1. Expected output is a single nm value to one decimal: the length gained when fully extending between LEU281 and ASP54, i.e. 0.36 nm times separation in residues minus the C-alpha distance. What is it?
2. Obtain the nm distance between the two label points defined at TRP294 and ASP269 by a simple spin-label model: each point lies 7 Å from its Cα along the Cα-to-C-beta direction.
3. Let's see if you can work this out: charge +1 on each Lys and Arg Cβ, -1 on each Asp and Glu Cβ, no other charges. What is the dipole magnitude of the range 39-160 about its Cα centre, in debye to the nearest 20?
4. Express the Stokes-Einstein translational diffusion coefficient of the range 20-111 in µm² s⁻¹, to the nearest whole number, given a Kirkwood radius over alpha-carbon pairs, 4 °C and a viscosity of 1.567 mPa s.
5. Percent of Cα-Cα pairs per 5 Å bin, from 0 to the last occupied bin, for the range 115-265, please list those.
6. Which trypsin sites (Lys or Arg not before Pro) does the range 84-158 hold that lie in a coil by DSSP with at most 16 other beta carbons within 10 Å?
7. Sort ILE77, ILE283 so the one with the fewest other Cβ atoms within 10 Å of its own Cβ comes first.
8. Ranking ASP241, ASP295 by Cβ neighbours within 10 Å, fewest first, what do you get?
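Each reported figure results from applying straightforward, stated rules to the coordinates on display, with no laboratory input. As the structure is a computational prediction, the values presented were derived from the model and not from experiment. Here the Cβ positions follow ideal geometry from the backbone for every residue, glycine too, while neighbour counts run over all protein chains shown.
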Amino acid sequence: MAHCNLRSASSSTHNDVNLGPSANPHAKPTDFDFLAVIGKGTFGKVLLAKLKADNKFYAVKVLQKKIILKRKEQKNIMAERNVLLKSLKHPFLVGLHYSFQTPDKLYFVLDYVNGGELFFHLQRERCFSEPRARFYAAEVASAIGYLHSLNIVYRDLKPENILLDSQGHVVLTDFGLCKEGVEPEGTTSTFCGTPEYLAPEVLRKEPYDRTVDWWCLGAVLYEMIYSLPPFYSRDVGEMYDGILHKPLPLPPGKSEAICSLLVGLLQKDQHRRLGAIADFLEIKNHTFFSPINWDDLYHKRITPPYNPNVVRQWVTIKEQFHNKSTLQKIHKEVKTMSLIKFLRYLF
């Protein structure tokens with residue numbers, strides 16, 4: 001049976017957006033205390049917010065309607081909403097609780113994932129051990145495989161979009177570049193993504209398929225192991241030349257299994273890339289992942305290799321900054337920083 005489309009209180013305005021079954025017509029901005037900016041994008045911000053009714057924390061994505069309409073991005077925003085609605089069914093994808101709107105803005109109320117970006121942890125530690133990298137790559141691959149099973153290509157896999165929850169499990173976020181309706185044999189052609197992680201076929205502006213996500217997984221895994229993305233250069237032209245033409249550099253000291261996986265995922269020919277035939281099944285069956293029990297992984301029965309220990313971090317902050325003059329300095333810094341940058345500053 002089709003969902004009936006709930007409409008928000010602002011449905012009479014010409015700027016109304018049909019939020020579909022995620023809409024909560026009774027929600028409003030004043031339901032929340034907005035505490036800090038934890039992310040910024042083209043169309044708006046992500047705010048850390050506390051719901052007054054139950055004192056629970058959420059990440060609230062606030063989008064400016066006029067910018068969306070001006071750039072004709074309604075289709076992409078709705079694609080993001082559709083993916084968010086489906087993502088509640090997977091343990092490693094951020095969940096949408098509900099959405100609402102005012103005459104000027106769209107609000108998406110999401111899980112607040114507070115263990116930090118993978119990017120932040122990589123910056124701090126430079127690289128991870130193979131078992132730790134395997135754990136994160138397996139959880140990310142599980143999430144990507146689920147999206148592919150729904151004919152969704154993610155297209156923007158990078159460490160900034162991979163968060164850790166309070167226990168240390170992966171949560172994939174930001175579905176703004178997702179493409180729906182890509183069948184197993186289907187292709188799409190929009191040029192999008194992040195320079196360091198672009199697959200060769202995207203750079204060549206050729207039609208590409210879901211294997212772009214496996215290239216990106218390879219690039220992220222490479223960065224976890226070697227501390228920089230493959231072919232990385234500050235000179236973007238040089239980096240693109242490497243992605244398109246140069247052999248994959250594999251510095252010594254890593255296992256044969258991980259090198260084999262990286263070569264398979266970072267195969268320049270999308271038709272010969274690991275995942276080109278049986279998609280996620282090929283990744284699951286690779287020898288690098290042989291220590292992983294995928295059923296245990298999905299049900300979070302595997303203890304994460306690293307615990308962000310969020311509670312202890314905030315206790316440490318309080319202990320470290322009990323001095324009044326230091327607190328004043330920190331308060332000054334917080335005013336000009338996002339929460340993520342503030343945490344980087346502290347640790």
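1. Details: separation 227, 0.36 × 227 = 81.72 nm, distance 4.15 nm.
Length gained between LEU281 and ASP54: 77.6 nm.
2. 2.6
3. My answer is approximately 540 debye.
4. On the way: Rh = 13.6 Å.
Value of D from the Cα-based Kirkwood radius: 96 µm²/s.
5. 2, 9, 19, 23, 21, 16, 8, 2, 0
6. LYS89, ARG126
7. Numbers: ILE77 20, ILE283 25.
The fewest-first ordering by Cβ neighbours comes to ILE77, ILE283.
8. Numbers: ASP241 14, ASP295 8.
Starting with the residue having the fewest Cβ neighbours, the order is ASP295, ASP241.
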